[in-house]
Amino acid sequence: GDLYALTIDSNNLDQGLWQDLCSATSGSCARPAPVFSRIDNGALEAGSGSTVIPQGSYNLALSAAPSAANGTNLYVGTVDLYTCTLAAGSSACTLRNTTNALDGCNAPAQVAPAQHAIATQSQPSGSPLLFLGNDSGLWRSLDGVAETGSVCSANDYTHFDNLNPAIGGSGGSLAELVGFAQSPASANTLIAG
């Protein structure tokens with residue numbers, strides 16, 4: 001029942017990653033109206049004093065999924081894909097860049113930049129199944145991008161499957177992917193556009 005929002009202004013300046021804790025009891029939220037608090041650490045920003053989220057008006061995506069530890073996994077897409085895990089009831093979120101597509105460490109995750117769409121689904125393993133749509137098509141993570149090594153680790157690619165045949169994947173013919181929709185008839189059917 002928790003609610004998350006990510007905002008920028010007309011100049012791509014970071015306006016925050018926000019959380020409303022529902023504190024659900026008996027199927028209802030404890031507060032009838034959302035009360036947002038800012039939870040990000042500035043990791044999405046260009047840095048060096050700039051609060052710009054690079055390409056924020058072009059690619060900005062957000063998804064939340066239950067974590068195996070009774071918390072929430074957040075996935076934030078900008079040029080790169082960032083993740084953090086919030087413990088149940090927590091507002092501490094330290095975002096980690098999991099793709100590093102353009103930052104000079106030679107893109108060890110091998111995922112294209114410009115993340116437009118994120119879809120998650122729960123799995124029996126407890127790790128979310130994640131689909132990521134960007135300027136070059138479709139990627140998947142079977143482990144919810146469970147990177148635990150150092151940032152820009154040489155094995156980051158092991159957390160992603162490239163589903164684009166033109167660049168080494170195994171899926172259908174894809175180019176830029178900008179949105180997902182879940183089939184109303186089948187929870188296991190995801191439609192991409």
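Observations on the model:
- Note, ³J(HN,Hα) from phi for segment 178-193, Karplus 6.51, -1.76, 1.60, rounded to Hz, x at Gly and Pro: 10, x, 10, 9, 8, 4, x, 8, 8, 5, 9, 10, 10, 9, 10, x
- Dimensions in Å of the chain - Rg and Dmax from alpha carbons: 16.6, 49
- Overall, segment 46-193 carries a charge dipole of about 220 debye about its Cα centre when +1 sits on the Cβ of Lys and Arg and -1 on the Cβ of Asp and Glu, all other atoms neutral.
- With every protein chain in place, segment 63-117: carbon and sulfur % of accessible area (1.4 Å): 48
- Database remark: amide H of Thr94 closer than 5 angstrom to the amide H of Thr85 (H placed geometrically; neighbours at sequence offset of 5 or more, or on other chains; Pro and chain starts carry no H).
- Note, ³J(HN,Hα) from phi for segment 76-82, Karplus 6.51, -1.76, 1.60, rounded to Hz, x at Gly and Pro: 10, x, 10, 4, 10, 9, 10
The values are calculated or read from the model by the stated rules, or taken from the named source; none is laboratory data. Keep in mind that this is a model prediction, so the values were computed, not measured. Using ideal geometry, Cβ is built from the backbone for each residue, glycine included, and neighbour counts are taken over all protein chains shown. For the accessible areas, the whole protein counts, side chains as well, though only heavy atoms, and no ligand, DNA or RNA atoms are used. Shrake-Rupley method; radii C 1.70, N 1.55, O 1.52, S 1.80 Å.
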